[in-house]
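Structure first, commentary second.
The values are calculated or read from the model by the stated rules, or taken from the named source; none is laboratory data. Please read all numbers here as calculations on a predicted model, not as lab measurements. Glycine gets a Cβ as well: all are built from the backbone with ideal geometry, and neighbour counts include every protein chain shown.
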Amino acid sequence: MMGRIVFMGLGIALAGSLSVAQVFAGDTPAKAPVEDGSKVMITSPKDGDKVSDTFDLKYDLTKGSQATHVHAYVDDQYQKGFSGTIKSLSKGTHKVTVTGATKDHDPVTATHSITVDVQ
């Protein structure tokens, strides 16, 4: 009887140790960017430019087979509601990225980044 209890305890301990990462119901893995032939280039401001805390971000998007629009990021943070203007940045250096996206908002491989210095 004692051997049986020890064995069951080891089984439970072993099963618990196999779990490496917690998974939560709302977690979804990031989708890999799709290569669809799209290209994107930030045209203004230029890499290294000094800008104010709010500035217009201009870019050219050459749409491939799936890209319909772009998503903008500042310091790798998605800019929800981006409509061409980056707003209220703190002083200092910031990385600005534009990435092509599909109609379903999935990323495509077209991406371009610049660094700006907010005065």
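Which ones in the range 72-94 are more than 26 Å from Gly37 (Cα to Cα), in a loop (DSSP other than H, G, I, E, B) and not polar (S, T, N, Q)?
Correct list: Lys87, Leu89, Lys91.
Go through the range 98-119 and give me each residue that's in contact (Cβ under 8 Å) with a residue 40 or more places away in the chain and acidic (Asp, Glu).
If the condition is that a residue be in contact (Cβ under 8 Å) with a residue 40 or more places away in the chain and acidic (Asp, Glu), then Asp106, Asp117 are the ones that fit.
Determine whether the range 89-96 contains at least one residue that is closer than 14 Å to Thr111 by Cα and at pLDDT below 95.
no
Looking only at the range 55-68, count how many residues are within 15 Å of Ile42 (Cβ to Cβ), part of a strand (DSSP E or B) and not β-branched (Val, Ile, Thr).
6
How many residues, within the range 100-112, are surrounded by fewer than 20 Cβ atoms within 10 Å (Cβ to Cβ) and part of a strand (DSSP E or B)?
To start, the set of residues in the range 100-112 that are surrounded by fewer than 20 Cβ atoms within 10 Å (Cβ to Cβ) comprises 102-107, 109, 111-112.
Retained after the next criterion (residues that are part of a strand (DSSP E or B)): 102, 107, 109, 111-112.
The total comes to 5.
Have a look at Thr97, Thr115 and point out the one that is in contact with a Gly (Cβ under 7 Å, 6 or more places away or on another chain) and assigned to a strand (DSSP E or B).
Thr115
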